[in-house]
Amino acid sequence: MECHLLPVLSDLSNVTTLSASVWEREKMNMPGGWEFKAALLAAALAAMTAGAHEPGKAEVSADATGAIETFNVNGHTNTDGAFFQSLGTNGRSCSTCHVADQAMSIAPPQIRQRFEQTHGGDPLFNAVDGANCANAQAASESAHSLLLSHGLIRIALAVPANAQFTVTAVHDPYGCALVRDSTGRLILSTYRRPLPSTNLRFLSTMMWDGRESPATSPLNNGQTIAANLHADLMQQAKDAVSTHAQGTVVPTDAQLNDIINFEIGLSTAQVYDRFAGSLEAHGALGGAAYLVGEEYYPGINDVLGADPNGIAFDESSMTLFAAWENGGNAYREDDAGRGPSDRRAARSDIAAGEVLFNTLPIDIIAVRGLNDSAALGRPATIKGTCTTCHDTPNVGNHSLPLPLDIGIAHTPRAGLENDPNIEKGIAELDEPDLPVFLVSGCPTPFGAGQPVSFYTTDLGKGMISGLCSDLNRVKGPILRGLAARAPYFHNGAAATLLQAVNFYNQRFSMNLTEEQKRQLVAFLNSL
């Protein structure tokens, strides 16, 4: 899968000088209304020029709400590099699942298009993990339904031999939820979204369950993060080649370093909104070029007081659009025919959403990793905001490892969820039909400690550590570049950002108004 680099244009008329192959790619990758998307892309490129981006380092692609930008600090993207090479035996490369116009992840519309164009022959659909089970037929849509509908890759993990819990499958729609391998190990199939291979310098843990950030190389210390991030990415690349690409030969250090240097050099963010215009205009700090300069160190603005510099947590950790709190300066009509008042209203919505994200009170209840934390005194309720769990300034993940269970992995199947707020929350989502597991033998995290059984579709970090205290817990991802990489959450359960907002609204009884929902979605789409 090629990753084209689009030039920064000196003026809008130069759009016509783009090569036909680039424009054909935009048409191919944007389902429906490509002419309008192309116009958005042209406007975004012109806006970038006005922002004086350095030529040759930015790729801009149209997406559902405007345009996404990936900025490469190393200069022009070399599509002959190791990231784009097949290093295994099945034709896959890193770029099979990490595509620039999908914020360095993959999204179902483009996945379905690839399936249709190749009749399931694209390496993405290799049954090793691109199908619901490893015995799938290549051209069968039903056998690839989770990837086609929700962008999910199958992750086969061995149940830890020292697990404090037992696990059984109670719903196995595809026949491979829990099986024995040739050595007798119990292998559990879980299904997850590919995380973006960009903005990696902000990571506090790698992978949803943290399995590529072992205790020997944690990403929690400013003195060691550079070396440990390199070590973690090195191991992750090796594992990706051996598993996803079915490699039989370990990549060379030169190949691995080429992959890592490319990935670490990337920053991705939304740069243009079809209603608000340039997200860098008139004091706003959207886009990937500004993200390159964003300060970060492990523990920055940590909500639990672990900032190594002793700086207290500031709930207003998102400040990208503070300059737009009064609508910004919408001094001219844009190319879509929207005048100053329309643009001012759109910018005001984005800024208002940012304020809500920072300050709207949330009662955090029954969240594994917080309300069951002995270090916090196991509080029944934590008074917080969105930034309690998304505390890294202008990035949105947690600046120290803190996997949580907010209820996304709980099952929507009738009668299997006993928390009414979680049940109402997941009812707002477009949950995929995932295997459901019964986990037994663990004490309840929120009560007197008596043994309890519960149902889940993803055991989270518990499948890595074997600990009851880690069950269902996954990391919160970086929030930049959301508009280009729906669906959301680790299992793709939120088809849209509105669904994600509706989940939180029900899960935490936030009582959001329709206006507040609209503003939050506008802000999230602008990240």
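The values are calculated or read from the model by the stated rules, or taken from the named source; none is laboratory data. Since the model is a prediction, treat every value here as computed from it, not as a measurement. Virtual Cβ from ideal backbone geometry, glycine too; neighbours counted across all protein chains shown. The protein model used for the area step is the full one, side chains on, heavy atoms only, and it has no ligands, DNA or RNA in it. Shrake-Rupley method; radii C 1.70, N 1.55, O 1.52, S 1.80 Å.
Could you tell me whether Leu416 is in a loop (DSSP other than H, G, I, E, B), touching a Phe, Trp or Tyr at 6+ places or on another chain (Cβ under 7 Å) and open to solvent by 30 Å² or more (accessible area, probe 1.4 Å)?
So Leu416 fits the description; yes.
Kindly indicate whether any position in region 344-358 is in a loop (DSSP other than H, G, I, E, B) and open to solvent by 50 Å² or more (accessible area, probe 1.4 Å).
No, region 344-358 has no match at all.
In region 214-234, which residues are open to solvent by 20 Å² or more (accessible area, probe 1.4 Å) and touching a residue at least 60 places away in the same chain (Cβ under 8 Å)?
Those that are open to solvent by 20 Å² or more (accessible area, probe 1.4 Å) and touching a residue at least 60 places away in the same chain (Cβ under 8 Å): Pro218, Asn220, Asn221, Gly222, Ile225.
Restricting to region 379-393, count the residues that are surrounded by 13 or more Cβ atoms within 10 Å (Cβ to Cβ) and either outside any loop (DSSP other than H, G, I, E, B) or free of Cβ contacts under 8 Å to residues at least 40 places away in the same chain (or both).
Summing the residues that are surrounded by 13 or more Cβ atoms within 10 Å (Cβ to Cβ) and either outside any loop (DSSP other than H, G, I, E, B) or free of Cβ contacts under 8 Å to residues at least 40 places away in the same chain (or both) in region 379-393 gives 7.
Please specify each residue of region 86-127 satisfying the condition of being surrounded by 19 or more Cβ atoms within 10 Å (Cβ to Cβ), part of a loop (DSSP other than H, G, I, E, B) and touching a residue at least 60 places away in the same chain (Cβ under 8 Å).
Of everything in region 86-127, those that are surrounded by 19 or more Cβ atoms within 10 Å (Cβ to Cβ), part of a loop (DSSP other than H, G, I, E, B) and touching a residue at least 60 places away in the same chain (Cβ under 8 Å) turn out to be Leu87, Gly88, Arg92, Ser93, Cys97, His98, Ala103, Met104, Ile106, Ala107, Asn126.
Take Phe508 and tell me if it is out of contact with any strand residue (DSSP E or B) (no Cβ under 8 Å at 6 or more places or on another chain), touching a residue at least 12 places away in the same chain (Cβ under 8 Å) and aromatic (Phe, Trp, Tyr).
Judged against the criteria, Phe508 is not a match.
Restricting to region 267-310, and then to whatever is among the aromatic types (Phe, Trp, Tyr) and not in a loop (DSSP other than H, G, I, E, B), can you tell me which residue is farthest from His390 (Cα to Cα)?
Top of the filtered list is Tyr272.
Name the residues in region 464-489 that are open to solvent by less than 10 Å² (accessible area, probe 1.4 Å) and within 30 Å of Gln164 (Cβ to Cβ), would you?
If the condition is that a residue be open to solvent by less than 10 Å² (accessible area, probe 1.4 Å) and within 30 Å of Gln164 (Cβ to Cβ), then Gly466, Leu471, Asn472 are the ones that fit.
Output yes when any residue across region 386-393 is touching a strand residue (DSSP E or B) at 6+ places or on another chain (Cβ under 6 Å) and at pLDDT 95 or above, and no when none is.
Looking through region 386-393, none of the residues is touching a strand residue (DSSP E or B) at 6+ places or on another chain (Cβ under 6 Å) and at pLDDT 95 or above.
Determine which member of the set Arg180, Arg192 is open to solvent by 50 Å² or more (accessible area, probe 1.4 Å) and farther than 16 Å from Leu467 by Cα.
Result of the check over Arg180, Arg192: Arg180.
Can you tell me how many residues in region 142-159 are part of a loop (DSSP other than H, G, I, E, B) and either surrounded by fewer than 16 Cβ atoms within 10 Å (Cβ to Cβ) or within 24 Å of the chain's Cα centre (by Cα) (or both)?
Total satisfying the criteria: 2.
Can you work out which of the residues in region 315-343 that are more than 22 Å from Gln516 (Cα to Cα) and open to solvent by 70 Å² or more (accessible area, probe 1.4 Å) is modelled with the highest pLDDT?
Ranking the qualifying residues of region 315-343, first place goes to Asn329.
Going residue by residue through region 200-212, is there one that turns out to be of a type in the set (Ser, Thr, Tyr) and touching a helix residue (DSSP H, G or I) at 6+ places or on another chain (Cβ under 8 Å)?
no
Taking region 300-324, which residues are in contact with a helix residue (DSSP H, G or I) (Cβ under 6 Å, 6 or more places away or on another chain) and under 12 Å from Asn358 (Cβ atoms)?
Glu315, Ser316, Ser317, Met318, Phe321
Counting only residues that are among the small types (Gly, Ala, Ser) and at pLDDT below 95, which one in region 122-160 is farthest from Pro109 (Cα to Cα)?
If we take residues in region 122-160 being among the small types (Gly, Ala, Ser) and at pLDDT below 95, then Ala136 is farthest from Pro109 (Cα to Cα).
Of (1) out of contact with any Gly (no Cβ under 9 Å at 6 or more places or on another chain); (2) more than 21 Å from Asn421 (Cα to Cα); (3) of a type in the set (Ser, Thr, Tyr), Ser509 satisfies all except one. Which?
The failed condition is (2).
Restricting to region 235-251, name every residue that is farther than 11 Å from Asn90 by Cα and either open to solvent by less than 70 Å² (accessible area, probe 1.4 Å) or in a helix (DSSP H, G or I) (or both).
Those that are farther than 11 Å from Asn90 by Cα and either open to solvent by less than 70 Å² (accessible area, probe 1.4 Å) or in a helix (DSSP H, G or I) (or both): Gln235, Gln236, Ala237, Lys238, Asp239, Ala240, Pro251.
Starting from region 282-297, take each residue that is crowded, with 18+ Cβ neighbours inside 10 Å and list its partners that are in a helix (DSSP H, G or I) and of a type in the set (Lys, Arg), counting only C-beta distances under 9 angstrom and pairs at least six apart or across chains.
Partner pairs satisfying both residue conditions: Ala284/Arg347; Tyr296/Arg201.
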